[in-house]
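Written below as structure tokens is the structure these notes are about.
The values are calculated or read from the model by the stated rules, or taken from the named source; none is laboratory data. What you are looking at is a predicted structure, and each value in this text was computed from that prediction instead of being measured. FYI the Cβ positions are ideal-geometry reconstructions off the backbone, even for glycines, and counts take in every protein chain you see.
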Amino acid sequence: MFLDGNLFEGPIPPSLSSLKGLQALDISDNNLSGGIPEFLESFGALRYLNVSFNDFEGAIPSEGIFKNASATFVGGNDKLCGGIPELHLSRCNTKISKKRLKIAIVVLSLGLIALFSFLLILWFRKKKEQQSIATCAENSLLQLSYQSILKVTNGFSVQNVIGSGSFGSVYKGILEESGTLIAVKVLNLFNHGTSRSFFAECEALKNIRHRNLVKVLTAVSGVDYQGNNFKSLVYEFMENGSLEDWLHPYVKMNELETTRNLNFLQRVTVAIDVAHALEYLHHHCDTAIIHCDLKPSNILLDEEMVGHLSDFGLAKILSAEMLNYSTNQSSSLGLRGTIGYVAPEYGIGDELSTKGDVYSYGILLLEMFTGKRPTHDMFKEDFSIHNFVVQALPNRVNEIIDPILLQDLAIQGNISSITLNYIHIQHLNSIFEIGLACSAESPSERMDMSDVVPKLCSIRDKLLCVICLHRSTKLYMLLNQKVPKVP
């Protein structure tokens with residue numbers, strides 16, 4: 001039962017206690033309150049429970065699923081207390097019974113023994129130069145080795161390559177046990193900074209979870225059959241590729257031109273998905289995280305066309321305690337982003353900030369609706385995609401909109417010229433204004449992602465109203481034509 005990301009309020013209903021066979025329950029990102037019901041302890045089949053980012057309070061149960069910290073997620077509920085130590089909740093003020101105290105001592109002792117044994121095993125493996133496997137995500141149950149990675153990617157076959165870059169290549173793979181599709185990023189360790197990028201991505205992703213972030217399933221670090229170091233990251237497979245593929249489809253010679261493209265509403269929705277992801281990274285993590293490389297190729301679309309932010313190889317956590325190297329040292333990874341999307345202040349050596357991500361998002365937003373890359377040949381010297389849009393607003397929007405999008409708006413559903421004009425003037429102007437505000441040259445003049453999200457959501461809601469009104473009118477006219485009049 002996946003009910004995350006809604007606006008549910010009130011306590012968890014007691015009627016859920018009858019769902020004895022429930023295996024997974026996700027009610028995160030709602031406004032639920034009250035206590036965590038104890039009947040969840042008795043659900044023997046429950047293997048995954050996510051109640052994070054609500055308003056729950058009181059003592060959390062400590063039996064059943066709640067004994068497994070890697071399968072239980074309670075973050076973002078500041079009023080919760082108790083539970084097993086691995087959940088890192090504050091102690092409850094109520095008196096603890098001797099029985100519970102004994103149980104806690106036993107659990108803690110077993111945990112320390114398990115931790116010591118685990119560290120000892122890792123030490124022996126390192127001494128013997130055997131392959132070690134570690135997971136980036138704390139809740140990952142996927143265990144892979146170099147041998148299994150080699151097998152699922154068909155020997156790193158060229159036919160399985162779905163992306164490549166300076167970091168290495170990304171392969172499509174299929175897990176034999178479940179038939180699940182995965183994406184495997186195999187890092188090219190001969191390139192300077194790649195190992196550091198690997199650890200930066202693990203550090204950034206291990207404690208964050210959001211529906212608009214690509215989920216890392218595991219990380220593999222060891223040696224290949226030739227004794228060379230081997231590192232890879234395994235992600236959820238995104239069926240619809242990257243936003244780059246949809247905005248700028250690559251057409252091979254002697255092949256028919258692809259007709260797939262994102263319509264107006266889809267582009268607005270994907271823009272909101274990315275904005276949600278950045279807002280989470282900047283404002284809702286324990287420590288703010290800067291992505292540092294926001295661009296269309298790092299935004300992946302699942303089978304339902306939901307946008308997911310990926311590639312945290314350049315990500316920076318704004319806390320020296322959480323990284324083994326400082327911000328200045330980590331800048332040796334190279335340019336802090338991609339040309340065309342990187343914030344101008346980074347070029348003069350300014351410190352990293354969330355405003356740099358906001359700038360990249362603004363450029364991305366302008367690109368999504370003009371159809372032009374910020375590195376287009378027309379943008380030279382002081383003329384940029386930002387200036388290109390500034391010159392067209394507010395009365396010449398039709399001259400800068402992506403021609404494919406303009407054609408789609410005119411044809412789809414025979415939208416009337418009045419409705420088309422309304423969509424152009426009201427919505428496109430608003431979207432471009434947000435893009436310009438985000439990509440302002442001065443960081444202090446840029447919008448905050450917490451302001452971008454509600455503005456874009458408002459635009460989407462108004463757009464949906466226009467579409468629904470148009471479809472209702474069209475349906476009425478169709479029915480009026482086909483239903484015979486009764487004399």
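Name the residues in the range 402-419 that are surrounded by 15 or more Cβ atoms within 10 Å (Cβ to Cβ) and either at pLDDT 90 or above or assigned to a helix (DSSP H, G or I) (or both), would you?
First, pick out the residues of the range 402-419 that are surrounded by 15 or more Cβ atoms within 10 Å (Cβ to Cβ): 402, 404-406, 408-409, 415, 419.
Listed by number, the residues that qualify are Ile404, Leu405, Leu406, Asp408, Leu409, Thr419.
Would you pick out the residues in the range 40-61 that are surrounded by 17 or more Cβ atoms within 10 Å (Cβ to Cβ) and in contact with a strand residue (DSSP E or B) (Cβ under 8 Å, 6 or more places away or on another chain)?
Of the range 40-61, the ones surrounded by 17 or more Cβ atoms within 10 Å (Cβ to Cβ) are 40, 43, 46, 48-54, 56, 59-61.
Passing the criteria: Leu40, Leu46, Tyr48, Leu49, Asn50, Val51, Ser52, Asn54, Phe56, Ala59, Ile60.
Scan the range 238-249 and tell me whether some residue there is aromatic (Phe, Trp, Tyr), touching a residue at least 12 places away in the same chain (Cβ under 8 Å) and in a loop (DSSP other than H, G, I, E, B). Steps first, answer last, please.
Quick first cut of the range 238-249, residues aromatic (Phe, Trp, Tyr) only: 246.
With the extra rule that they be touching a residue at least 12 places away in the same chain (Cβ under 8 Å), the set shrinks to 246.
So of that shortlist, the ones also in a loop (DSSP other than H, G, I, E, B) come out as none.
Checking the range 238-249: not a single residue is aromatic (Phe, Trp, Tyr), touching a residue at least 12 places away in the same chain (Cβ under 8 Å) and in a loop (DSSP other than H, G, I, E, B).
So Asp55 clears everything in (1) on the phi > 0 side of the Ramachandran plot; (2) modelled with pLDDT of 90 or more; (3) among the charged types (D, E, K, R) except one condition, right? Which one?
The failed condition is (1).
Testing Gly227 on (1) assigned to a loop (DSSP other than H, G, I, E, B); (2) crowded, with 19+ Cβ neighbours inside 10 Å, one condition comes back false. Which one is that?
So Gly227 meets the others, but not (2).
Go through the residues of the range 249-268 one by one and say whether even a single one is within 30 Å of Ser178 (Cα to Cα), at pLDDT below 85 and loosely packed, with under 15 Cβ neighbours inside 10 Å. Break it down into steps so the answer makes sense when it comes.
The initial filter retains those residues of the range 249-268 that are within 30 Å of Ser178 (Cα to Cα), namely none.
Checking the range 249-268: not a single residue is within 30 Å of Ser178 (Cα to Cα), at pLDDT below 85 and loosely packed, with under 15 Cβ neighbours inside 10 Å.
Go through the range 8-97 and tell me which strands (runs of 3 or more DSSP E), entirely inside it, have 1 or more residues that are in contact with a Pro (Cβ under 6 Å, 6 or more places away or on another chain). If you could, list the steps in order and put the result at the bottom.
Working: elements: 24-26, 31-34, 48-50, 55-60, 79-82.
Those strands (runs of 3 or more DSSP E) span 31-34.
Just one of (1) modelled with pLDDT of 95 or more; (2) over 25 Å from the mean Cα position of the chain (by Cα); (3) aliphatic (A, V, I, L, M) trips up Ile348, so point out which.
So Ile348 meets the others, but not (1).
I'm trying to understand the selection: among the residues of the range 434-452, which are surrounded by fewer than 17 Cβ atoms within 10 Å (Cβ to Cβ) and either farther than 17 Å from His386 by Cα or among the polar types (S, T, N, Q) (or both)?
The answer is Ser442, Ser444, Asp448, Ser450, Asp451.
When you scan the range 296-306, how many residues do you find that are surrounded by fewer than 24 Cβ atoms within 10 Å (Cβ to Cβ), in contact (Cβ under 8 Å) with a residue 24 or more places away in the chain and of a type outside the set (Val, Ile, Thr)?
Within the range 296-306, the subset surrounded by fewer than 24 Cβ atoms within 10 Å (Cβ to Cβ) is 296-297, 301-306.
The next check asks that each one be in contact (Cβ under 8 Å) with a residue 24 or more places away in the chain; those that pass are 296-297, 301-303, 305-306.
With of a type outside the set (Val, Ile, Thr) added as a condition, the list becomes 296-297, 301-303, 305.
Total meeting the criteria: 6.
Which one of the conditions (1) within 24 Å of Ala71 (Cα to Cα); (2) in a helix (DSSP H, G or I) does Ser232 fail to meet, given that it meets all the rest?
Checking Ser232 against (1) within 24 Å of Ala71 (Cα to Cα); (2) in a helix (DSSP H, G or I), the one that fails is (2).
Quick one: in the range 4-31, of everything that is more than 23 Å from the chain's Cα centre (by Cα) and of a type in the set (A, V, I, L, M, F, W, C), which residue is modelled with the highest pLDDT? I'd like the intermediate steps shown before the answer.
Looking only at the range 4-31, we keep the residues that are more than 23 Å from the chain's Cα centre (by Cα), and these are 9-23.
Restricting the remaining residues to those that are of a type in the set (A, V, I, L, M, F, W, C) gives 12, 16, 19, 22.
Details: Ile12: 92, Leu16: 89, Leu19: 89, Leu22: 89.
My answer is Ile12.
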